[in-house]
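Participant: So that we are looking at the same thing, I have put the structure below in structure tokens.
Readers should treat all values here as calculations from the given coordinates under stated rules, not as data from a laboratory. Nothing here was measured: the structure is a model prediction, and the numbers come from that model. Don't worry about glycine lacking a Cβ; one is built from the backbone with ideal geometry, like all the others, and counts go over all protein chains shown.
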């Protein structure tokens, strides 16, 4: 039986590569939260109504970008490293956190 390691946690879900499932959440939620933050800066009404939702979307986006990075590294160990894609993936959690 395979030991539960960091690689195993971020490797697959339901037999599919976890990276391809989670990366879509990151690429949708992080820009959506950024747009929401900009609108909040200019619209107090929007901020009062949707401010908490924008914060939740930003937090989930950051979490999904971290999981996408880790699962991408696990996938790269299994199938090989796409260099430029990996470099951009390493930066994604930083961009999400700066949001």
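Participant: Angle check, please: helix 44-79 long axis (alpha carbons) against the longest principal axis of the chain (alpha carbons), in degrees 0 to 90, nearest 10.
Facilitator: Its long axis makes an angle of about 10 degrees.
Participant: For helix 83-98, report the angle its Cα long axis makes with the longest principal axis of the Cα atoms of the chain; keep it between 0 and 90° and round to the nearest 10°.
Facilitator: On a 0 to 90 degree scale, this one is about 40.
Participant: Turning to a different aspect of this structure: How high is the relative contact order of the chain, in percent, counting Cα pairs under 8 Å that sit 6 or more residues apart? Walk me through the numbers before you get to the answer.
Facilitator: On the way: 91 pairs, mean separation 34.6, N = 99.
So the answer I get is 35 percent.
Participant: Follow-up question, since we're still on this one. I need the calculated FRET efficiency for the pair residue 87 and residue 20, taking r as the beta carbon distance and R₀ as 25 Å, to the nearest 0.05.
Facilitator: The formula returns an efficiency of 0.85 here.
Participant: Here's something else I'd like to know. Roughly how large, in nm² to one decimal, is the mean projection of the convex hull of the alpha-carbon atoms in the chain?
Facilitator: 7.2 nm²
Participant: Taking the Cα of residue 56, stepping 7 Å toward and past its beta carbon, and measuring to each backbone N in the stretch 62-99: which are under 19 Å?
Facilitator: 62-65
Participant: How would you rank 81-87, 91-97, 68-74, 14-20, highest first, on the average number of other Cβ atoms within 10 Å across their residues?
Facilitator: Ranking the peptides 81-87, 91-97, 68-74, 14-20 by packing returns 68-74, 91-97, 14-20, 81-87.
Participant: When the Cα centres of the stretch 49-74 and the stretch 10-45 are compared, how far apart do they sit, in Å?
Facilitator: First find each Cα centre; the distance between them is then 5 Å.
Participant: Here is a follow-up. Restricting to DSSP H runs of at least four residues, report the calculated mean residue ellipticity at 222 nm for the chain, -39500 (n - 2.57) per run over all residues, nearest 500 deg cm²/dmol. All intermediate terms of the calculation are to be shown ahead of the outcome.
Facilitator: Working: 4 runs with 83 residues, N = 99.
Using -39500 (n - 2.57) per qualifying helix, the result is -29000 deg cm²/dmol.
Participant: If neighbour count is taken as other Cβ atoms inside 10 Å, put 79, 22 in order from fewest to most.
Facilitator: Placing the least packed residue first, the sequence is 79, 22.
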